[in-house]
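These notes are about the structure you will find just below.
Every read-out reported here was derived from the displayed coordinates using simple, explicitly stated rules and does not represent laboratory data. Keep in mind that this is a model prediction, so the values were computed, not measured. Cβ placement follows ideal geometry from the backbone for every residue including glycine, while neighbour counts extend to all protein chains displayed.
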Amino acid sequence: MRATVHPIEQESYAILRSRVDLSRLPPLHRAVVERVVHSSADLDYVDDLVTDEQWLRAGQQALLAGAPVVTDVEMVAAGITTRETVCRVRQARAGDGRTRSAEAVRLAFEEVGPGAVWVVGCAPTALFELLSLDVRPALVIGLPVGFVGAAESKAALRESGLPAVSNISEKGGSAVASAALNALLYAAPHTELPA
């Protein structure tokens, strides 16, 4: 958790809260929505993000316990400044019908195994690849962007039943995905899961 917040960030959150009341949301869901909206200046995310408070609590507990954080691309990793991340896109080679991002997911899974927190903010193919593997994640933040496969990959994530943060539209991106993860890192920890 961060000790100080820059005055510009404080003002940005004050403006956000003056424009939309998110007090109805559970604490971690609210933290994720606020940080995503703050990072994008896009209030559409208030109604577009889909998650569950219990999943967020479990994901946060996994992070506190040291679960690996895996990203699809380096731009997502660059936005996560308080944790080491695993990103294997530089080592990946496209082939066998897979993109580099999809192959990077396979390489990362071989390295980290089950229980990781996965953050996909760029490549729908990475999210589809993740869903094809038995990753047994602590949490998947699936917010890839684009007109080809983004909305479909996020719909597949929601249909999978995996603990996740996603959104319904084609919107997303590296900044939004890393913001969702950062919300869990910066929010006050919850010590127990609801029954």
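Using the Karplus relation 6.51 cos²θ - 1.76 cosθ + 1.60 with θ = phi - 60°, the per-residue 3J(HN,Hα) values for the range 45-58 come to 5, 4, 9, 8, 6, 10, 6, 9, 4, 5, 5, 5, 5, 5 Hz, with x marking Gly and Pro.
Remark on Val86: its backbone amide H falls under 5 Å from those of Val69, Val70, Thr71, a criterion applied only to residues 5 or more positions apart or on other chains, H modelled at 1.01 Å from N. Between amide H atoms placed 1.01 Å from N, distances below 5 Å from Ile141 occur with Trp118, Val119, Val120, Val165, all of them 5 or more places distant or on a separate chain.
Here's the picture: a label point sits 7 Å out from the Cα of Ala65 along the beta-carbon direction, and within the range 91-124 the residues with their amide nitrogen under 16 Å of it are 113-118. Which one, (1) 15.8, 50; (2) 18.1, 59; (3) 15.5, 43, gives Rg and Dmax of the Cα atoms in Å as derived from the coordinates shown? Given (1) 15.8, 50; (2) 18.1, 59; (3) 15.5, 43, the structure-derived one carries the label (1).
Evaluate the distance, in nm, between pseudo-label points positioned 7 Å from the Cα of Glu111 and of Ala94 along their respective Cα→Cβ axes. Distance between label points: 2.2 nm. Annotation: peptides 34-42, 89-97, 55-63, ranked by per-residue average of other Cβ atoms within 10 Å with the highest first, follow the order 55-63, 34-42, 89-97.
What net charge is computed for the residues neighbouring Gly173, neighbours being all others with C-beta under 12 Å from the C-beta of Gly173, Lys and Arg scored +1, Asp and Glu -1? The partial results should precede the final answer.
Working: positive: Lys171; negative: Asp42, Asp72, Glu170.
Neighbour charge sum, excluding Gly173 itself: -2.
Between Val20 and Ala188, take the C-beta separation as r, use R0 = 30 Å, and let me know the FRET efficiency to the nearest 0.05. Write out the running numbers ahead of the final one.
Working: r = 21 Å, r/R0 = 0.71.
So, using R0 = 30 Å, E works out to roughly 0.90.
Seen from Ser23, the other residues with C-beta closer than 14 Å to its C-beta sum to a net charge of +2, counting Lys and Arg as +1 and Asp and Glu as -1. Counting neighbouring Cβ atoms within 10 Å and putting the fewest first, the residues Ile141, Ile15, Ile80 line up as Ile15, Ile80, Ile141.
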